[in-house]
Every structure is written in C-alpha cells, then in structure tokens.
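Enquirer: Could you have a look at this structure, given as structure tokens, before my questions?
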Amino acid sequence: MSDQIQNFVKLTVNGGHDADDVEINVVDASLAPDPESGEYNPAWYNATDYPDPADDPNKEIVRVTGRDTLNNKLTVTRAQEGTPATTKNTAGATYKLVLGPTKKVMDEKADKANVLELDNETAFTPDADYEPATKKYVDDNSGGGGGEGILVNGKIVPSVASNNLTVAIKTLAGEDPSEEDPVQIQINGIIHSIIAPLQVTVNAGANTFNAGSAELATKEIDYFAYLGYNATDGVVLGISRYPGACSYDDFSTTATNEKYCAISTITNAAATDYYVNIGRFAATLSAGAGYTWTVPTFTAKNLIQRPIYDVRGTTPIMPSFNSRLASKVITFTRDLAAVSGDVSYTGVGFMPTAMIAFATIPEFMGVVDSGKVGKEKDIYTDTKTQVDTSDFIRLNPASGAQQSAVVKSFDSDGFTLTWTKAGSPTGTLTIIVMCFR
C-alpha cells in the first residue's frame, strides 16, 4: 500500500524524547492521519531553533504505525529514509512533526509513472483501480488467449543444416523468444511463457524414428511437434511420428522406434510430465548409413501451425498412426527341450494387436486376436494326426512330447509367450510370426 499524504498536517510534540523512544507524545493526536488507512513518514525537528526542518542537525524521519487519540500518542519506527535516531529534548525548544512528500513518497510515485516509459525495466504489479499495467504484466496474466496447444506469438520452424534436422520455436516475427517478446503456450490448462531460444536437433547418421527403414527411407513423412513442461526443465520441445501423446510416458525412449520423441531437454523428465501436440511438419530421411535429413519447401499443407492428429491423405506411406494397418515379420527359435516359462520377444517396433505364427517341421499354424485368444492347428510328426487347440503355438514332434505357448501380453516392442513343456521333446524349431498393429 502506498504511503498516505495529506495537506497541512503539523503536530506539536509534548515534552522531550530519547533516541530509543518509539512512542511520541503529542498535543492532539487526532490531527494525525490514521495509519490504518496507510502508514506515513513525517519529519520530526526542533521548530523553535530551526523553522526550516532541513537546518536542524538532529532532524529525523519516523514512520507512524499507530495512533492513540485517547492518550495523544503516536507509535513510530525510528530512523527512516537514511536519517539517524536522535534525542529530542533541547531545553526551551518546541518540537514538531510535519507530514510532507518525502523521498520515499516521490520514489514510489516515480516508479509507478515510469512503467509507462519506453526505458522501463522494473517489474510492476498494479494493485489498485486505474493503475497502469506493463506489457509484460499483461502478457503474463492475460491467459494466453490461444487455448490448449495453440502457440501465441509463436510458430514452428523446421530446417536442415549439415544434413541434421532442427525444429525451433520462433516468434511470429521469426526471432528467438525473449522476455521482451515471449511466446506463450497452454499446457494442461496452465499458461507458460517461452522467454529464451528453444529448439531440438536430430542428427544425421542414425535411423531415428525408424524413418530410414526399407519401408520409409527417402519418403516424405509427417512429424508432430510437441511442447512439454516440468518444473525443473521448464518448457521443452519435442518431435515425433506419434500424434497422440499426452504425457512423457506415451513416447518410446528407443531412438529407432516410431513412437520415439526427440526432446530438447530430458534431464529431469518424469513419466507424468504433460505434453501437448502443437502442429505438424514434413521431413525425409535418406536410406543407408548416411541417414541424411531434408525438408521440402513448406506450404499450408505440409507445415501446420496448430494441434493436428492425422497425416496428409496424400502420404500413403504414413497414413494415420492409429488407423493404418502395420505389420512386421520376426523369426525366432525354440529349444524343444527348454523348460516351461515366460519368454519375451522384441524387435517388432510397435505393440501388436494380432499375430499369425507358423513353422514347417513340426507343422503348425496359429493365430491370436487382440484379446490374446488363440487358435492353432498342428500335426503330429510321427502319426500325421491333425489337432486343433486354443493355443497360439503348439509343437508336437512326437506323440506325448510337445511344446505349447499362449500369448501372455502384447508389449511395446513385441510380445511375451508363456511356454508349457509336456513329455520329452527334443530339437530346435524356427518359428515365423507376422505381427499386426
């Protein structure tokens, strides 16, 4: 609260006072403003010998914090605004308290006035009606205005230099964000200001996002830009082929996985950190050991500056992540003499929802659906008898000797089978599994 200031306030002090007195006796305390409405700093001086307070070598500014009109006392804090606490008991002298505009009052007034000056660099929070507000205060408290995932005064800028892909957040003027020109983003209902350069780089020379695979290399792929937040790292920038993430744990941390997200800073990343999709852009990764990045000339179709959760229909090699049919064939072996138990198989690159498995010796074919319900048909090697079961895999090298498996779980990069051994089968079987997403 600002100091009180009133016209023509002068009080006569009653008696002498020591330098450590914090109560001043006055002739009429009702003449003093009530500090409940705002404290204030009067000058206390010898009015008999020094009609001008500035001439009194023992002049002092005190702060009035209380008023007792019944006993005509003022409660004060001594030695204000650089003046020392002094004794006020010169014989025959009358002391006065006069309220006027001290340096503190003028500085406060100047601070408020200066917020409207172009050279102001001082933070100011308005706390009364009609007080001015700085641009920064309005920017920080206006609620962003964009809504979840919408950049305010910002845009996604992808580029390639030395074959490396860089995605940056720039202001609408194309500059790095700063305190004077911030970019704002709403993440999980909270407005955050980006006030420093923010970018993420994916280096050449690696099959990042699996974008350099035989299926996708040299093809233009749509990528999704994200902004995330945690209290230590602040706002971070990420890019991924996956459009539907809401938190850090929705991404894969394996760089060659199609759900991987390259993020500017993950030093303090936690699974529950919120992320928002802020737009989409196109890029291409070459095949081979070089794995070099390129970007097209950007248009309104291949660079989208708003949250979007699908790719272009003209990009058949990367249709909607959640709706397209993806498949992967993996091959593994099973020692038929191995004991019963769970075995996990990886290398699929995604979480399957259905699978087909088959082998030739012993002969079988099995299928399993998204509910992990299996159906297989196999043939006893010695008797050629056909058998139908609810297993996913069942191997019968001889009557009474078998290995069977059911799907325990679909995992982020493959699946887990629960194997059961019966009898004493021997040998090693190669099994081919086609996985579907």
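The values are calculated or read from the model by the stated rules, or taken from the named source; none is laboratory data. In this text, all values refer to a predicted model and were calculated from it rather than measured experimentally. With ideal geometry, Cβ positions are generated from the backbone for all residues, glycine too; neighbour counts draw on all protein chains shown.
Enquirer: Within the bounds of the stretch 269-285, is there any residue that is more than 15 Å from the chain's Cα centre (by Cα) and among the acidic types (Asp, Glu)? Walk me through how you get there before you give the answer.
Expert: Of all residues in the stretch 269-285, those more than 15 Å from the chain's Cα centre (by Cα) come to 279-285.
After this cut, where a residue has to be among the acidic types (Asp, Glu) as well, the list is none.
No: the stretch 269-285 contains no residue that is more than 15 Å from the chain's Cα centre (by Cα) and among the acidic types (Asp, Glu).
Enquirer: Counting only residues that are under 18 Å from Lys10 (Cβ atoms) and part of a strand (DSSP E or B), how many does the stretch 43-79 have?
Expert: 13
Enquirer: What number of residues within the stretch 1-42 satisfy the criterion of being part of a loop (DSSP other than H, G, I, E, B), in contact with a Phe, Trp or Tyr (Cβ under 9 Å, 6 or more places away or on another chain) and among the aliphatic types (A, V, I, L, M)?
Expert: Qualifying residue count, the stretch 1-42: 2.
Enquirer: Still on this structure, I have one more. Six or more apart or on different chains, Cβ under 7 Å: which pairs go from a residue in the stretch 81-93 that's under 10 Å from Asn58 (Cβ atoms) to one that's among the aromatic types (Phe, Trp, Tyr)? Could you list them?
Expert: Lys88/Trp44; Lys88/Tyr95
Enquirer: On the given criteria, is Val339 in a loop (DSSP other than H, G, I, E, B), modelled with pLDDT of 80 or more, of a type outside the set (S, T, N, Q) and not assigned by TED's automatic domain parsing to the domain that holds Thr253? Can you show your working first?
Expert: Numbers: in a loop (DSSP other than H, G, I, E, B): yes; modelled with pLDDT of 80 or more: yes; of a type outside the set (S, T, N, Q): yes; not assigned by TED's automatic domain parsing to the domain that holds Thr253: yes.
So Val339 passes the test.
Enquirer: Has the stretch 167-179 got any residue that is closer than 28 Å to Ala326 by Cα and surrounded by 14 or more Cβ atoms within 10 Å (Cβ to Cβ)? Before the answer, list the steps.
Expert: So in the stretch 167-179, the residues closer than 28 Å to Ala326 by Cα come out as 167.
Among the residues that remain, those that are also surrounded by 14 or more Cβ atoms within 10 Å (Cβ to Cβ) are: 167.
Within the stretch 167-179, one or more residues are closer than 28 Å to Ala326 by Cα and surrounded by 14 or more Cβ atoms within 10 Å (Cβ to Cβ).
Enquirer: Additional query: Within the bounds of the stretch 128-140, is there any residue that is within 25 Å of Thr201 (Cα to Cα), at pLDDT 65 or above and not assigned by TED's automatic domain parsing to the domain that holds Thr294?
Expert: Kept after step one, since they are within 25 Å of Thr201 (Cα to Cα), are these residues of the stretch 128-140: none.
The answer is no, given that none of the residues of the stretch 128-140 is within 25 Å of Thr201 (Cα to Cα), at pLDDT 65 or above and not assigned by TED's automatic domain parsing to the domain that holds Thr294.
Enquirer: I'd like the residue in the stretch 216-238 that is buried (at least 18 other Cβ atoms within 10 Å of the Cβ) and of a type in the set (D, E, K, R) and, out of all such residues, is farthest from the chain's Cα centre (by Cα).
Expert: If we take residues in the stretch 216-238 being buried (at least 18 other Cβ atoms within 10 Å of the Cβ) and of a type in the set (D, E, K, R), then Glu220 is farthest from the chain's Cα centre (by Cα).
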